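**Student:** Just dropping this structure here.
The values are calculated or read from the model by the stated rules, or taken from the named source; none is laboratory data. Treat the numbers as computed from the prediction; the structure is a model and nothing was measured. Using ideal geometry, Cβ is built from the backbone for each residue, glycine included, and neighbour counts are taken over all protein chains shown.
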Amino acid sequence: MSGASGACIGISLLGILRNLTGWETHLVVSRGAVRTIETETDKTFDEVVSLVDRAHPIDDIGAAISSGTFRSSGMIIAPCSMKTLAGISCGYSENLLLRAADVTIKEGRPLVLVVRESPLSAIHLENMLKLARIGVIIMPAMLSYYNSLSVEDMTRHIAAKALDRFGIETPGFKRWEG
Ligand SMILES: Cc1cc2nc3c(=O)[nH]c(=O)nc-3n(C[C@H](O)[C@H](O)[C@H](O)COP(=O)(O)O)c2cc1C
């Protein structure tokens, strides 16, 4: 999780995974995300950490996920700030979140960025385009008005779409059926 608005998206995603078997979850929370968790949600940092199997400090650049030899299915950054997006697009791995994303790319594993900012500058768009061209999935936190009711439903829908890229089926996920 990084410090874009939408901490609830990451929390929703972790809550979904928590209730599924067969997945080991690793969490890295940037300092920006610590702030947005506090500001935007009713959860404490410890409550968010309790949703995962392993949480790694943002400065622990020697954590398991900092190496490609640690096998993972991929990585989702939800929400993804424009700063973290920029760091990934430049290969500037100055914290564990950025390093893990860099490793995910170099190992050819799926990386999903649930980016969030509005409006988007040309810098933001260029960073997204650069990463999209090498296969990173840019999945903006955009509301889906067609089948959702509440903000909570829409948040869960965004989280479910990110998990869908890993073949993870979220209970209650509404697929468009025409
Ligand atoms: C309440 C709050 C909301 C923010 N929303 C966004 C946002 O939507 N998108 C964004 O790129 N940055 C947003 N920021 C700014 C980032 O948190 C800031 O640029 C931070 O340095 C990002 O660092 P990180 O990517 O390491 O978390 C927000 C900051 C705060 C305090």
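**Student:** Among the residues of the range 89-104, what is the count of those that are β-branched (Val, Ile, Thr) and either surrounded by fewer than 17 Cβ atoms within 10 Å (Cβ to Cβ) or touching a Leu at 6+ places or on another chain (Cβ under 6 Å) (or both)?
**Tutor:** Residues flagged as β-branched (Val, Ile, Thr) and either surrounded by fewer than 17 Cβ atoms within 10 Å (Cβ to Cβ) or touching a Leu at 6+ places or on another chain (Cβ under 6 Å) (or both) within the range 89-104 amount to 1.
**Student:** Let me ask you something else. Restricting attention to the range 58-85, which residues are within 13 Å of the ligand (Cβ to nearest atom) and assigned to a loop (DSSP other than H, G, I, E, B)?
**Tutor:** Listed by number, the residues that qualify are Ile58, Asp59, Ser81.
**Student:** Here's another thing I want to ask about it. Before we move on, is Thr36 modelled with pLDDT under 95 and among the polar types (S, T, N, Q)?
**Tutor:** no
**Student:** Test of understanding: among Gly68, Gly74, Gly32, which residue is in contact (Cβ under 8 Å) with a residue 24 or more places away in the chain and closer than 29 Å to Gly172 by Cβ?
**Tutor:** Gly74
**Student:** I'm trying to understand the selection: among the residues of the range 112-121, which are without any contact (Cβ under 8 Å) to a residue 60 or more places away in the chain and within 15 Å of the ligand (Cβ to nearest atom)?
**Tutor:** Leu113, Ser118, Pro119, Leu120, Ser121
**Student:** In addition: Which residue pairs have Cβ atoms closer than 9 Å, lie 6 or more positions apart in sequence or on different chains, and pair a first residue in the range 142-153 that is under 14 Å from Arg175 (Cα atoms) with a second residue that is aliphatic (A, V, I, L, M) and assigned to a helix (DSSP H, G or I)?
**Tutor:** Pairs that qualify, where the first residue is under 14 Å from Arg175 (Cα atoms) and the partner is aliphatic (A, V, I, L, M) and assigned to a helix (DSSP H, G or I), are Ser144/Met154; Ser144/Ile158; Tyr145/Met154; Ser148/Met154.
**Student:** Kindly indicate whether Ile105 is within 13 Å of Val136 (Cβ to Cβ) and in contact (Cβ under 8 Å) with a residue 40 or more places away in the chain.
**Tutor:** Judged against the criteria, Ile105 is not a match.
**Student:** Mind checking which residues of the range 1-16 are within 11 Å of the ligand (Cβ to nearest atom) and of a type in the set (S, T, N, Q)?
**Tutor:** Matches in the range 1-16: Ser2, Ser5.
**Student:** Let me ask another. Among the candidates Thr25, Thr21, which residue alone is more than 9 Å from the ligand (Cβ to nearest atom), under 24 Å from Gly87 (Cα atoms), surrounded by fewer than 18 Cβ atoms within 10 Å (Cβ to Cβ) and of a type outside the set (Lys, Arg)?
**Tutor:** It is Thr25.
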